[in-house]
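This report refers to the structure that appears directly beneath it.
The values are calculated or read from the model by the stated rules, or taken from the named source; none is laboratory data. Small disclaimer: the values here were computed from a predicted structure and weren't measured. Here the Cβ is made from the backbone with ideal geometry for all residues, glycine too, and neighbour counts use every protein chain on show.
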Amino acid sequence: MNWVGLYNYWIVIFLMMTGFYIVVSQGNLVKKLVGLNLFQTSVFIQYISMGKMPGGTAPIESSAPAVYSNPLPHVLILTAIVVGVATTALGLALAVRIKQAYGTVEEDRIREEDRNV
Amino acid sequence: MIAANLPALQVVLPLLSAPLCVLLGRGRAAWLLATVVSWLALAIAAALLRQVLAQGAVHYAFGDWAAPWGIEYVVDGTAAFVLLIVAGIAATVFPYSLLSVEKEVDPERQALFYAAMLLCLAGLLGIVITGDAFNLFVLLEISALSTYTLVSLGQDRRALTAAYQYLILGTIGATFILIGVGLLYMLTGTLNMADLAERIEGLHQSRTLQTAFAFLVVGIGLKLALFPMHLWLPNAYTYAPSAVSALLSATATKVAVYVLLRFLFTIFGTWFSFSDMNVDWILIPLALVATFSMSLVAIFQNNVKRMLAYSSVAQVAYMTLGIGIVTVTGLTAALLHLFNHALIKGALFLALGAVFYRIGSVQLDRMQGIAREMPWTMAAFVLAALSLIGVPMTVGFVSKWYLILAALEKGWWLVVVLILITSLMAVVYLWRVIEAAYFRPRPADREAVSEAPWGLLLPTWVLALANLYLGIDTDLSVGVAGEAAQRLMGLGP
Amino acid sequence: MILYLSALLFSLYGFWLLLSGFWHDSLLLGLGGVSVLLVAVLAARIERRDPEHHYLSLLVQLGAYWFWLLRKILVANRDVVLAIWRPQRYPISPTEIRLASSQRTPTGRTIFANSITLTPGTVAMEVDDEGIVVHALQTQAAQDLARGEMDRRVSRLERSAK
Amino acid sequence: MIFAATAIAILVVMGLALIRAFVGPTVYDRVLAMNMFGTKTVLFIAVFGFLSGRPDFMDIALVYALINFVGVIAVLKYAQRVGAGECAEDG
Amino acid sequence: MIDIVLLTFLAATAIAVVRHRNLFAVVMLAGIYSLLSAGLFVTLDAVDVAFTEAAVGAGISTVLFLATLALTGPREAVPVRKPYLPMVVVSITGAALIWGTLDMPRFADPQAPIHQHVAPRYIETSPTEIGIPNMVTSVLASYRGYDTFGEVTVIFTAGVGVLALLGIRRKRSSKDAAEKE
Amino acid sequence: MRQTHSDKDYQVLQVVAKLLVPYILLFALYVQFHGDFGPGGGFQAGVIFAAGVILYAMAFGLDKAMSLLSPQVLRPLAALGVLIYGGTGVAGMFLGGHFLDYYVLATPPTAGQHLGIFLVELGVGLTVTCVMLLIFFAFAQRAEQAP
Amino acid sequence: MIILEILSWLLLLFGAFLGISGAVGILRFPDFYTRIHAAGVTDTLCAGAILCGLMLQAGLSLVSVKLAFILLFLWFTSPTASHALASAARHAGLKPHLAPSREDSPSTP
């Protein structure tokens, strides 16, 4: 079995899981969002990796004959990046409001505050 | 021209009205636009259903690019049915929202609120009929992002944390779906659902396909609040503005259930999902645990919205139970319950919204004796509650009946007993509300209130009566659901 | 203002042509015109808020100065690279020094400050109306600056542009 | 060949800058490393264009340079707002 | 070869993000992460994506994060509980993915299904069919134009959401400013 | 900290920013209109344009940036961008095609595609610029008022 | 032709060497303010050498023009960024390590 061709994917999976780990383990709302960003960016890398052609070039027609990489994953990821930044912006806006309402962005302290009310 | 473009209009109309709402900038005008659009959407959904029933599935290619190259909408029986539910609920919630929103949302934010409502509606409608796996993800995010916004606009500060939590879990779910779709694309080279289904056939042994399946199920599970992944739901429903709670509880999880159906049956195929992956072994135990535990939790809630939110998790579990049974009857039950639960929860939350409008709270102790002051509101609540319990002559009875039938077909007596027990538990928690509202004296410190205004009462009663009417005249819902179930199982035409 | 705007329009359109490289496509040329106008409107609004004479002719004059500066940069680079690779032979001696600056406009001071920073081994830390606080890697570089040649050259540049 | 050598050298520089960004010790060291890293990325993209035989996408490098600059200025601006004492020593 | 190096950098950055407690450092490292992945996209021929990722991930996102930090503070509390459960969840997810890669088409395999179906049409006929050299733009705006419509709507939704949450006050009057002083 | 950092401290930044910002904005528009030929397009252009204005805001203060492009103008423009995109699609519908069919927009089919893509990218660019700026203003305004 | 080629190679190698020097410096130097100088080396001349080397490769074309723009942009922004960085650090109260012996000697020009 040809393991070398998978090595890339394994690093990417490691990256994804690092991001995912930050999301689920950290208590700070802003850091969670950083993790979410990392997680999503890594998924993007995964998508883009699969579109690569050996010896290919960017899918923009050139005068010289060339092998082009697959443009479809690129299009999908362009959309996904936008979705990602939209989510980040909204999440940060929520974090700002939470800070103003609770005085903290730590999950544990927020939970305490809620219990006290 | 219009008839040919109905599938596109169904989604594009609300989508384009959202920026118009922002342009209008004023609460009432935006409301008027939103309401008219929601009615138009209902009309389109009805027309589509008729079209589909008459001539079979409708395919619509965006930009006139044929299917695997472009994006396609496919409206089949099931989709048209779910469209009708979503649009129908929206068409009652939107008119309702005028008064309720004026009370609960800042005047400056009202136009944005309606824009978000329209975007949410458009996203949900789009998810139902899209025939493209990636487009599904995009629409999912449109509806999700607008939902986070809507939830966060609740008055309580806990609405913010609820929305945040929802955002994190929802985005994890969406990213899982993205990973799943990516793996599928990697294996097949296509994103079109029909094309995917065809190409997956030969790949059942592929470990990559199995991973994709797992990720998609978990991702969708997060979105539909499948039992251990339901943590976002109770808070989100409790602290959202009333109109939003009603819209979400009636539509969002239902659409997610529908997406699960789509993936399990249409894309991966019954054989792969249930024989190779044995997803029913996971769905059924989870569903059983969920109905039982969530009903139990609901009994101990003092906030009625929260109580109903837990009840929603339990009810969604009924649907997954129906899916897990994997028979035509089971699926019929799931689809019927999808339809009926939307009506039930819609009515219940609208009634609660009316109560909240008057007394500013839905805590049980604040609601004591409310029935004397707001008889019509509480009557609608009782009607919908009976339906939730599953009393004959209501829609709730119909779907439970089919669910029990499906379990009996399989000879699963234990499941039947459990369904009956959880129905009894529903009686218990709903009784707490009814007892408080009807048989307790009004707390001394509460000001006297009057009946809810017509603007709130009318939509509530429309849904409540729909519970009754469709419980008696079951031809349409059972007919459509049965046919759709047959087609999903690969038996029908 | 009018002078500034016309110079701006001219340079912006030149920038567009050089970026685009489609010199025969009338559509893109037209779009370029529209874009340049749009940007110029915004630039004019920026200018109106902070009316400050921008020496565009300075850019031309800059040529000779840059040549001189380039030589300074090369020499200074050698010092820093040596300090990096052979710290024993060429030890660093961080110094802070305050220079008087004879420029009269923010633009002039900016050119001076950025020239100081561009030459490795010295960084402008603080710029105000009277002078500039400079941090130098080696005392020698600071002393070199203190001799004031660069200051004079920048000031001459500033005056000639007027 | 020469492009490959240059690209590798730039990668090495990026790696070293990355180390400085990890170690700190102050926020400003990190910003410095980030700035350096950014400019090296610009160079890397430029060289890579030649390396891969399609040098006609220099716009990307230009965007990187721009974004890097805006990013550094933004960090400084907001670091100031938060209060310097907090960022100066972050071990 | 180059992509392996960049991936290693990415991994190192990701680990650093996990370990740092100063959120300013974390945000900056996240910006570097974005820049790095954008560099990786260039080496993987995705120039359009690199363009966007650099502008969005390293630019706009970083600025927004920083503005948020200015409000919420750069310090992260030290967690009280040990993150065992997250570790388990993440390990299971990662293991599932690794397992899933075993039957995957290899990296840069020209025979992979995605190079055989659908995409060839974009590559072969879009320059004549659409008349535009950049295939990404053709697919983005025409073949899958509806996705892009969705994308614009998503960004619009985010705008609606942020405005609804934070709002923008009209220009502060001088009186307001005087009060603040 | 804010007191110690007066406008004077930013003068180098201000001079450089004022010099560069027009070119950055023009570069953004170049990216917008050359998306057909090279990397770029509406989305990237919008973000770069926004980045240019953000740079201006960093150097000269938020108030000036907000009076340069006021939020009251940006908000309807953001909506307009979506409407341009949708309107292009609907126009395709009216001219006898499906939603987003560009072939029916003009007589030689490729000209129709060109026109469609141009309009669509314009909508994307407009919305992205405006929304990004609105989001930035919303955040930065809060950050200015931070304690 | 060959001369241009060789010249471009030399420039590229020179740039690469400067880049590595700067990176080593940024690791070796004792405090933040001295590190700025090391970074300065790489930002200015290294970028200049490499981009000029590339320009020679590209010849008289659009690519060269764009490389020139990049270079111009970098030379405008990187000193600005360095200056902003130093001034911000100074305002934050970060004290430079100064050479002890001649602390005050050159402060009067």
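Taking segment G:1-18 only, how many residues are more than 22 Å from C:Pro94 (Cα to Cα) and surrounded by 16 or more Cβ atoms within 10 Å (Cβ to Cβ)?
As a first pass, look at segment G:1-18 and keep what is more than 22 Å from C:Pro94 (Cα to Cα): G:1-17.
Now drop any that are not surrounded by 16 or more Cβ atoms within 10 Å (Cβ to Cβ), which leaves G:8-9, G:11-16.
The total comes to 8.
Output the number of residues of segment C:82-93 satisfying the condition of being crowded, with 22+ Cβ neighbours inside 10 Å and either within 7 Å of another protein chain (Cβ to nearest Cβ) or under 23 Å from C:Phe112 (Cβ atoms) (or both). Give the derivation first.
Let us first name the residues in segment C:82-93 that are crowded, with 22+ Cβ neighbours inside 10 Å, namely C:83-84, C:92.
Next, only the ones that are either within 7 Å of another protein chain (Cβ to nearest Cβ) or under 23 Å from C:Phe112 (Cβ atoms) (or both) stay: C:84, C:92.
The number of residues fulfilling the criteria is 2.
Quick check: anything in segment A:92-100 more than 27 Å from E:Thr52 (Cα to Cα) and outside any helix (DSSP H, G or I)?
In the first step, residues of segment A:92-100 are kept if they are more than 27 Å from E:Thr52 (Cα to Cα); the result is A:97-100.
Pick out the ones that are also outside any helix (DSSP H, G or I) and you get none.
No, there is no match, as no residue in segment A:92-100 is more than 27 Å from E:Thr52 (Cα to Cα) and outside any helix (DSSP H, G or I).
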**Report entry** Among (1) in contact (Cβ under 8 Å) with a residue 60 or more places away in the chain; (2) assigned to a helix (DSSP H, G or I); (3) not aliphatic (A, V, I, L, M) - the single one B:Trp431 does not satisfy
**Finding:** (1)
Query raised in the report: Taking interchain pairs and intrachain pairs at least six residues apart, which have beta carbon atoms under 9 angstrom, with the first residue in segment E:78-89 and within 8 Å of chain A (Cβ to nearest Cβ) and the second surrounded by 10 or more Cβ atoms within 10 Å (Cβ to Cβ) and assigned to a loop (DSSP other than H, G, I, E, B)?
Result: E:Pro79/A:Gln26; E:Pro79/A:Gly27; E:Val80/A:Gly27; E:Pro83/A:Gln26; E:Pro86/A:Gln26
Query raised in the report: From the list A:Ile60, A:Ile45, which one is at the interface with chain E (Cβ under 7 Å from one of its Cβ atoms), over 18 Å from the mean Cα position of the chain (by Cα), modelled with pLDDT under 95 and buried (at least 21 other Cβ atoms within 10 Å of the Cβ)?
Result: A:Ile60
Query raised in the report: Looking at segment B:120-127, is at least one residue assigned to a helix (DSSP H, G or I), surrounded by 24 or more Cβ atoms within 10 Å (Cβ to Cβ) and without any contact (Cβ under 8 Å) to a residue 60 or more places away in the chain?
Result: yes
Report summary line: Quick count over segment F:76-112, residues being at pLDDT 90 or above and among the acidic types (Asp, Glu), is 0
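Does segment C:48-66 hold any residues that are more than 8 Å from every other protein chain (Cβ to nearest Cβ) and either within 25 Å of F:Val53 (Cβ to Cβ) or modelled with pLDDT of 85 or more (or both), and which are they? Break it down into steps so the answer makes sense when it comes.
Just the residues of segment C:48-66 that are more than 8 Å from every other protein chain (Cβ to nearest Cβ), to begin with: C:48, C:51, C:53, C:55-66.
Those that are more than 8 Å from every other protein chain (Cβ to nearest Cβ) and either within 25 Å of F:Val53 (Cβ to Cβ) or modelled with pLDDT of 85 or more (or both): C:Arg48, C:Pro51, C:His53, C:Tyr55, C:Leu56, C:Leu59.
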Report summary line: Just one listed residue, out of B:Gly189, B:Gly182, is out of contact with any Asp or Glu (no Cβ under 8 Å at 6 or more places or on another chain), at positive phi and at pLDDT below 95, and it is B:Gly189
Query - Residues satisfying the stated conditions in segment D:49-72, i.e. buried (at least 24 other Cβ atoms within 10 Å of the Cβ) and in contact (Cβ under 8 Å) with a residue 40 or more places away in the chain - result: D:Val72
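Would you kindly identify the helices (runs of 4 or more DSSP H) lying entirely within segment B:187-253 that contain at least 1 residues that are within 12 Å of chain E (Cβ to nearest Cβ) and closer than 30 Å to B:Ala115 by Cα? Before you say what the answer is, go through the steps one by one.
Working: elements: B:193-200, B:207-223, B:232-239.
Counting at least 1 such residues, we get B:207-223.
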Query - Cβ pairs under 7 Å, 6+ apart, first in segment A:94-111 and farther than 18 Å from E:Ile168 by Cα and more than 7 Å from chain B (Cβ to nearest Cβ), second in a helix (DSSP H, G or I) and of a type in the set (S, T, N, Q) - result: A:Val105/E:Thr72
Query raised in the report: Within the bounds of segment C:98-114, is there any residue that is within 8 Å of another protein chain (Cβ to nearest Cβ), in contact with a strand residue (DSSP E or B) (Cβ under 6 Å, 6 or more places away or on another chain) and among the polar types (S, T, N, Q)?
Result: no
Query - When residues of segment F:117-147 are limited to those that are farther than 20 Å from E:Val56 by Cα and more than 7 Å from every other protein chain (Cβ to nearest Cβ), the one modelled with the lowest pLDDT - result: F:Pro147
Report task. Exactly one condition in (1) within 7 Å of chain E (Cβ to nearest Cβ); (2) in a helix (DSSP H, G or I); (3) of a type outside the set (A, V, I, L, M) is not met by A:Pro54; state its number. Result -> (2)
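Just a yes or no: is a residue in segment F:68-76 touching a helix residue (DSSP H, G or I) at 6+ places or on another chain (Cβ under 7 Å), of a type in the set (A, V, I, L, M) and in a helix (DSSP H, G or I)?
Of all residues in segment F:68-76, those touching a helix residue (DSSP H, G or I) at 6+ places or on another chain (Cβ under 7 Å) come to F:68-69, F:71, F:74-76.
In the following step, the residues that additionally are of a type in the set (A, V, I, L, M) were identified as F:68-69, F:74.
The next check asks that each one be in a helix (DSSP H, G or I); those that pass are F:68, F:74.
Yes: one or more hits.
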Query - Conditions (1) facing chain A (nearest Cβ under 9 Å); (2) modelled with pLDDT of 90 or more: number failed by E:Ile32 - result: (1)
